[in-house]
Amino acid sequence: MANAMITGWGKCMPEAVLSNHDLEQIVDTSDEWITTRTGIKERRISHAEVSDMSAVAGAHALAAAGKTAADLDLIIVGTCTGDSLIPSTASLVQAKLEAWQAGAFDVNAACSGFIYSLVIGSNMIAAGTHRTVLVIGAEKLHYHLDFTNRATAVLFGDGAGAVVLEATDEDVGLLASELGMDGSAASILCIPEHGTSGDRRNPDPRESGINMDGPEVFRRAVTTMGDASVRVLEKAGISLDDIGLLIPHQANVRIIDATARRLKLDPAKVMINIESYGNTSAATIPVALTEALESHRIEPGAIIVLAAFGAGLSWGAAVIRWGQRVEPLGTSAAALPPNNRSTMDLLAPNLEFFGHLASS
Ligand code: ACO
């Protein structure tokens, strides 16, 4: 049975920055509140679509793996904010990369989407049906954000990350995983009225943005991420002392700290970049993984633990043994089309839409 080794990694973070101070101008909040309650200082706002960010992150991951798009036999995009309902975002990415030999599909497990996608891709390699898989986590969350609602407006951002998985006989890759869900808690984090549950007869059918019971999500996130991480380590027969790096979903630095405490981990073994990007949902883990490699925080052969939770309520955890190579084989010049609009210009349609809702 083949193992699935991560051989390439990459990210695409749009240039436009929305800082906490910018948010103070839009909604009743403060840099001090956001920083102390979440750890976030700024986030990115995309002028391009999810498929554009995905294709750029994918091109970087392919270059790092020394592969071309023609080598891919599968593309999986973890996203809950895709370009359209149909076709899938993965279909658009396949065309943008010209990966004509690859099948492609999306996975919606919200913020757990990258771990779900990574587990699916790894298991398809293990099953022998695929050999080179591009796994992407990408989101354009700002599109769905009601910037008149301070409870959610400050938390989320846009971006994409990607990895290439390749079949290998080496004893590396996914050692154990858990994909979990508690559908009974679906309503505590949702974007309602954006599918068939909406009322088409309503003369003004409008989505209401992200609805969230923050404290309840927080409480469940701490339990599920910590417990699932412990269980996957037990399944893999790996002791807590052997963890090289924990790469958790970046939703709130206090949730990350609680997960690290549950694993009794030295903070130096926890990857945190939430201050720069906020919660980019399915993109947080592949982006953090890429930045961990860029900053030489992953040793050859290291044990990496990934853990996430998200709408559903979904959760996922995975233990990976890294290969020997921690440097990219190549680089790519892929980039988003130039953006000539200010961050506030990019937010204008959104502010108008949700501002109209608030005043109607
Ligand atoms: N700025 C200023 N004050 C605020 C803000 C804000 N942005 N948001 C809330 N407050 C106020 C509240 O109104 C409340 O005021 P009150 O005491 O006068 O009523 C006070 O701050 C405390 O509010 P809480 O909601 O209790 O604050 P809490 O410490 O729980 O932090 C937060 C809120 C940051 C949302 C936290 O609960 C959290 O991170 N939850 C998890 C959210 C999450 O991770 N969601 C993403 C899931 S992943 C996915 O699938 C998309």
**Study point:** Among beta bridges that DSSP assigns inside segment 3-171, antiparallel share in %, nearest 5
**Key:** 70
Practice item. Pick out which of 179, 92, 240 has the largest mean-square fluctuation in a Gaussian network model of the chain, springs linking Cα atoms closer than 10 Å. Key: 240
Practice item. Neighbouring Cβ atoms within 10 Å as the yardstick, rank 242, 28 fewest first. Key: 28, 242
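In units of 2.2 N^0.38 Å, what is the alpha-carbon radius of gyration of segment 3-171? Intermediate values should be presented prior to the final figure.
Working: Rg = 17.3 Å, N = 169, 2.2 N^0.38 = 15.5 Å.
For segment 3-171, the normalised Cα radius of gyration is 1.12.
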Practice item. Determine the distance separating the Cα centre of segment 208-237 from the Cα centre of segment 284-329; give it in Å without decimals. Key: 17
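Starting with the fewest neighbours, write out 1, 53, 181, 13 ranked by other beta-carbon atoms found within 10 Å of each beta-carbon. Can you show the working numbers first?
Working: 1 8, 53 31, 181 16, 13 25.
Neighbour counts put them in this order, fewest first: 1, 181, 13, 53.
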**Study point:** Cα→Cβ-extended label distance, 7 Å offset, between residue 327 and residue 264, nm
**Key:** 3.7
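If a helix is a whole DSSP H run, which ones in the chain reach 18 Å or further along their own axis (Cα) and hold a mean Kyte-Doolittle hydropathy of at least -0.5? Could the numbers behind the result be given before it?
Details: long enough: 50-65 (22 Å, 1.12); 113-127 (21 Å, 1.51); 214-236 (32 Å, -0.08); 343-359 (23 Å, 0.54).
Correct list, ordered by number: 50-65, 113-127, 214-236, 343-359.
What is the packing order of peptides 185-192, 56-63, taking the mean over residues of other C-beta atoms within 10 Å and listing the highest first?
Values: 185-192: 16.5, 56-63: 27.4.
Sorting 185-192, 56-63 by mean packing, highest first, produces 56-63, 185-192.
Peptides 314-321, 277-284, 146-153: what's the order by average Cβ count within 10 Å, highest mean first? Kindly include the intermediate steps, with their values, before the conclusion.
Numbers: 314-321: 26.8, 277-284: 30.8, 146-153: 18.6.
Top of the packing list down: 277-284, 314-321, 146-153.
Roughly speaking, what is the stretch gain from residue 242 to residue 182, that is 0.36 nm per residue apart minus the C-alpha to C-alpha distance, in nm to one decimal? Please list the in-between numbers first.
Working: separation 60, 0.36 × 60 = 21.60 nm, distance 3.00 nm.
Result: 18.6 nm gained on full extension.
Antiparallel versus total DSSP beta bridges in segment 244-360: what percent is that, nearest 5? Provide the component values of the computation, followed by the final result.
Numbers: 8 of 13 bridges.
So the antiparallel bridges amount to about 60 percent of the total.
Each value in this text was obtained by applying a stated rule to the coordinates, not by laboratory testing. As the structure is a prediction and not an experimental result, all values here were calculated from the model. Please note: Cβ atoms are built from the backbone with ideal geometry, for glycine as well, and neighbour counts cover all protein chains shown.
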